[in-house]
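One structure is given below, encoded as structure tokens.
The values are calculated or read from the model by the stated rules, or taken from the named source; none is laboratory data. As the structure is a computational prediction, the values presented were derived from the model and not from experiment. Every residue, glycine as well, gets a Cβ built from its backbone with ideal geometry; the counts of neighbours run over all protein chains shown.
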Amino acid sequence: MTKDVSAARAVVFMGAAQACRLVVTFLTAPILGRLLQPADFGLIATSAPIIGFVTMIQNLGLTQAIIQRKTITKGQTNTLFWLSLFLSLTLAAGLAVLAPVLARYFQEPRLTAVIWVAAMLTVVSVIAEQPMALLTRGLRFKLLAAIDILGIVIGAALGVAVAWYTRSYWALLVPLACARVLNLIVSAHAARWLPGRPVWDEAARQMLGFGAGLSTFNVLNFLARSADNLMIAKAHGAVALGFYDRAYKLMLLPLTQATWPLSRIMTPILSRLQDEPEEYRHTYTGGVSLLMLAVQPGVLCAVMFSDATVALLLGSKWAEAAPIFAWLGFAGLHQLFTSTMGWLFISQGRMRDLSIVGLVGSTSTIASFAVGLPWGPLGVAISYVVSDYVLRLPFTWYMTGRAGFIRVGDIYRIVGPHACSLLVSAAALAPIKAALHTPSPVELCGALLLTYAVNTAVLMLFKSKRRLIIDALKVARQGVGLRRTP
């Protein structure tokens, strides 16, 4: 099986899982939004940065080290596992002790029990990460997709059932708990892996160094991504945070659902192509181009019709989230591409450059939150988006293209045609938006189809994108891998 065939089939498998996740999320989000209150979502959003931080650092970046490494032994994986587990147990115990203090700080007594339960789930998560990494390293994407779908469907069903019968915020933790437990049980059985005696050698030390560099970036990035929730919760309360969190999650949904599964495919594949620069460049360019083609038009349409999108997906009581969603979605248009640059740093082992990007990005992001905070959640969103385009975008592109197989010129050649197609699509939607003050769901679907049609038509004017689209259609029709046009 060629690399192209493997990559294309992997995209199909993981794409099916994410399509399932997207459908389930869009079905359950309106239900949960109507069964629960904004303060319930705000409560879980308040705990999310705390738990997410622990989840982020407990692995030490060692999962990606396993995937990126060309060769690895069972003893080395055991070493990484025991290190991660020890750190996870230590952090979970610390969270249990700090939970009452955090509850008093946020003036939310319910937060104590939420943190206790979430801390236990972090330990389950770190145990499951090792067999999941081995399955990813083995390119067993069909099985990984099946695990995802199983967790998504069962977790969503249980979450809605709990919300229906209890009207309790605990329903929001049920899908997470279900997914993590299923990941552990199924992946450990499929990988036929049990922890054993650790082996500490030079390769293990190198992987620990790799993981430390990746962890530095992840921690910095996470602090920046979570600071807005903590600052809004403290300054404006759980209700304001509930509106902001729902808008942010809604904006992030198509981005994460598209980039996360693709990153699980591209990182191991690009890692295997480190000695083949031309194939590496071809694989990355094709992957991110198709990603932008699939997601950016939908994000653009949702941003331009933000009021109707929020009302349709969340309900009328979430109207205050619409302008926040629109601003954040504008940043999402470029973040869909910029976020994929992590694949390049990781697969090439450029941890120092990645850490610099994380430091500059996190510092400027937190500063932008502080600037916009006096004007509430909307002020935070506007300040963040302006600083994102002015500072973080050009700096990240420069750092990515200064070394490696994808240069700055390659980045502009990838993005340029998509920027043109989005501008033309926005111009086509503008008169429709002016005419339809409150578009119906049917009219909104029509606008969405028009956006994709215009976007694709403009991209077809560019030779490189036209070849890519034609190749992608061949893959869809024939069920075989992408092949370059002679």
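Among the residues of the range 59-75 satisfying the criterion of being buried (at least 23 other Cβ atoms within 10 Å of the Cβ) and polar (S, T, N, Q), which is modelled with the highest pLDDT? So, considering only residues that are buried (at least 23 other Cβ atoms within 10 Å of the Cβ) and polar (S, T, N, Q), the one modelled with the highest pLDDT is 64.
Per-residue answers, yes or no, for (1) over 20 Å from the mean Cα position of the chain (by Cα); (2) surrounded by 20 or more Cβ atoms within 10 Å (Cβ to Cβ); (3) among the basic types (Lys, Arg):
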residue: 334; (1), (2), (3): no, yes, no
residue: 337; (1), (2), (3): no, yes, no
residue: 347; (1), (2), (3): no, yes, no
residue: 391; (1), (2), (3): yes, no, no
residue: 395; (1), (2), (3): yes, no, no
residue: 407; (1), (2), (3): yes, no, yes
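Which of the residues spanning the range 179-201 are basic (Lys, Arg) and part of a helix (DSSP H, G or I)?
180
Cβ-Cβ contacts under 6 Å between residues 6 or more apart (or on different chains), taken from a first residue in the range 397-410 that is more than 15 Å from residue 282 (Cα to Cα) and touching a residue at least 12 places away in the same chain (Cβ under 8 Å) to a second residue that is surrounded by fewer than 19 Cβ atoms within 10 Å (Cβ to Cβ) and among the small types (Gly, Ala, Ser), are absent.
When you scan the range 466-475, do you find a residue that is modelled with pLDDT of 85 or more and either within 30 Å of residue 310 (Cα to Cα) or part of a helix (DSSP H, G or I) (or both), even just one? Within the range 466-475, one or more residues are modelled with pLDDT of 85 or more and either within 30 Å of residue 310 (Cα to Cα) or part of a helix (DSSP H, G or I) (or both). State whether the residues of the range 229-243 include one that is modelled with pLDDT of 85 or more and among the charged types (D, E, K, R). Within the range 229-243 (the criterion being modelled with pLDDT of 85 or more and among the charged types (D, E, K, R)), the answer is no, since none of the residues qualifies. Once the range 379-389 is narrowed to residues that are without any contact (Cβ under 8 Å) to a residue 24 or more places away in the chain and within 22 Å of the chain's Cα centre (by Cα), the residue that is surrounded by the fewest Cβ atoms within 10 Å (Cβ to Cβ) is 386. Residues in the range 304-338 that are in contact with a Leu (Cβ under 7 Å, 6 or more places away or on another chain) and within 30 Å of residue 274 (Cα to Cα): 332, 333, 334, 335, 336, 338.
The sole residue among 100, 109 that is at pLDDT 80 or above and assigned to a loop (DSSP other than H, G, I, E, B) is 109. Considering the conditions (1) among the hydrophobic types (A, V, I, L, M, F, W, C); (2) assigned to a helix (DSSP H, G or I); (3) farther than 28 Å from residue 449 by Cα; (4) touching a helix residue (DSSP H, G or I) at 6+ places or on another chain (Cβ under 7 Å), residue 386 is excluded by exactly one of them, (4). Right, residue 307: in a loop (DSSP other than H, G, I, E, B) and either touching a residue at least 40 places away in the same chain (Cβ under 8 Å) or out of contact with any strand residue (DSSP E or B) (no Cβ under 8 Å at 6 or more places or on another chain) (or both) or not? So residue 307 fails the test. Given the conditions (1) surrounded by fewer than 22 Cβ atoms within 10 Å (Cβ to Cβ); (2) modelled with pLDDT under 90; (3) more than 15 Å from the chain's Cα centre (by Cα); (4) in a helix (DSSP H, G or I), which single one is not true for residue 280? Unmet condition: (1). Remark: pairs (first residue in the range 103-124, crowded, with 19+ Cβ neighbours inside 10 Å; second residue not in a helix (DSSP H, G or I); Cβ separation under 6 Å; 6+ apart in sequence or on different chains) = 103/109. Considering only residues in the range 283-310 that are buried (at least 20 other Cβ atoms within 10 Å of the Cβ) and under 27 Å from residue 36 (Cβ atoms), the one that is nearest to the chain's Cα centre (by Cα) turns out to be 299. Screening residue 159 with (1) assigned to a helix (DSSP H, G or I); (2) in contact with a Gly (Cβ under 7 Å, 6 or more places away or on another chain); (3) not charged (D, E, K, R) gives one miss only, at (2).
With respect to the conditions (1) outside any loop (DSSP other than H, G, I, E, B); (2) under 28 Å from residue 360 (Cα atoms), residue 274 lacks only one, and its number is (1). Somewhere in the range 304-311, is a residue more than 20 Å from residue 442 (Cα to Cα), of a type outside the set (Asp, Glu) and in contact with a helix residue (DSSP H, G or I) (Cβ under 7 Å, 6 or more places away or on another chain)? No, the range 304-311 has no match at all.
If I ask for residues that are surrounded by fewer than 21 Cβ atoms within 10 Å (Cβ to Cβ) and under 24 Å from the mean Cα position of the chain (by Cα), which ones from the range 416-430 would you list? Answer for the range 416-430, where residues must be surrounded by fewer than 21 Cβ atoms within 10 Å (Cβ to Cβ) and under 24 Å from the mean Cα position of the chain (by Cα): 416, 419.
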